[in-house]
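Each remark here refers to the structure printed beneath this line.
The values are calculated or read from the model by the stated rules, or taken from the named source; none is laboratory data. A quick note: this is a predicted structure, and the numbers were derived from the prediction, not measured. Cβ: placed from backbone, ideal geometry, glycine included. Neighbour counts: every protein chain shown. When the accessible area is computed, the model is the full protein with side chains, heavy atoms only, and any ligands, DNA or RNA have been set aside. Shrake-Rupley method; radii C 1.70, N 1.55, O 1.52, S 1.80 Å.
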Amino acid sequence: MFHPTDHNVDLSEEEFRLLRDFIHERFGLFFDDGQRGSLRSRLTGRLATLDLMTFEDYYHYLRFGPQRAEELQRMVSHLTNNETYFYREAPQLQVFADTVVRQIKDAKSAGTDRSIRVLSAGCSTGEEAYTLAMILYDSGQFFWNWDVQVFGLDVDEVALEKARRAVYHHNSFRGVSPAVRERHFVTLPGGAAQVKESIRRMVRFRAANIVEPASYEGLPPCDVIFCRNVLIYFSDAMILKVVRLFHERLLPGGHLFLGHAESLSRITDLFTPIRFQGAMVYRKGADPAAAPPQEVAR
């Protein structure tokens, strides 16, 4: 039986462009000209599994094959970087915990809305979504008649299945203090730990492609969106598309958190950037009838 891994299967420039454009259109991920070797190494194993002779064959399989939907799911697991852990990029989380959460509570306490909705877009295996739920829980501000929900969206079904199980190992706890681990996790045999039920019931995961408007159907308007270390893999045009979707989904005055290496400065002025010590946050304009935003510490 032929296996491409037994041979030096080349990814020609034409094949590279076909696959790159297809992946970009479908998932937002963009491989520039210098990443042809990276794309080849990530996908060669898929050719072997499917007994395909060339990358052109693989492209046609993705477009027209009888099992193309299943293969798209398998492929995306090879293209995305699921490197994540609890309490990642602590300065941003500190801003969320100390400033944004308080502002949301104060603003909503003046009205009748007793809900808070936070979205983790590109949630991978769930560490970020659960971290946000832990922060909201530990704030002590949303008990009694408050309805608190964190939503996690990701295109990778394999990663989402891990998120729903909520069982994690040593590598996921790099940013977790012993006190937090004791408070929010149950230790399992073999050294793994599972997020406690009190946090798990605050979080909902769903398979969704963040570049597609249909992915947000049925989600309530959000107070905060986290999309960190995802857009660095997107082209400028796709970043703009996604950010516009976030803008539509956010409530007036809502906040958007991106990764520390990501910036909207040359992409769009839809959001107002607010700089904190060690963190940048993007704020959607408030409803003109609403109270003006609070002054923030620089």
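Exactly one residue out of D33, D6 is acidic (D, E) and at pLDDT 85 or above, and it is D33. The selection criterion, being aliphatic (A, V, I, L, M), within 16 Å of the chain's Cα centre (by Cα) and either surrounded by fewer than 21 Cβ atoms within 10 Å (Cβ to Cβ) or under 16 Å from D156 (Cα atoms) (or both), does not hold for V180.
All conditions but one from (1) farther than 23 Å from G259 by Cα; (2) among the acidic types (D, E); (3) over 20 Å from the mean Cα position of the chain (by Cα); (4) assigned to a helix (DSSP H, G or I) apply to D98; the one that does not is (1).
Being in a helix (DSSP H, G or I), in contact with a helix residue (DSSP H, G or I) (Cβ under 8 Å, 6 or more places away or on another chain) and either among the acidic types (D, E) or surrounded by fewer than 18 Cβ atoms within 10 Å (Cβ to Cβ) (or both) holds for only one residue in R26, R17, and it is R26.
Candidates are the residues of region 127-142 that are surrounded by 23 or more Cβ atoms within 10 Å (Cβ to Cβ) and over 14 Å from the mean Cα position of the chain (by Cα); the one that is nearest to S115 (Cα to Cα) is L136.
Candidates are the residues of region 163-176 that are over 22 Å from R201 (Cα atoms) and of a type outside the set (D, E, K, R); the one that is least open to solvent (accessible area, probe 1.4 Å) is G175. When G28, G34, G65 are screened for being small (G, A, S) and closer than 14 Å to T80 by Cβ, only G28 passes. Scanning region 127-135 turns up no residue that is in a loop (DSSP other than H, G, I, E, B) and either modelled with pLDDT of 95 or more or not hydroxyl-bearing (S, T, Y) (or both).
Please pick out the residue among S120, S115, S198 that is of a type outside the set (D, E, K, R), surrounded by fewer than 22 Cβ atoms within 10 Å (Cβ to Cβ) and in contact with an Asp or Glu (Cβ under 7 Å, 6 or more places away or on another chain). The conditions single out S115.
Testing G218 on (1) open to solvent by 20 Å² or more (accessible area, probe 1.4 Å); (2) part of a helix (DSSP H, G or I); (3) closer than 14 Å to L119 by Cβ, one condition comes back false. Which one is that? The number of the failed condition is (2).
Scanning region 143-162 for residues that are of a type outside the set (S, T, N, Q), assigned to a loop (DSSP other than H, G, I, E, B) and open to solvent by 20 Å² or more (accessible area, probe 1.4 Å) yields a total of 4.
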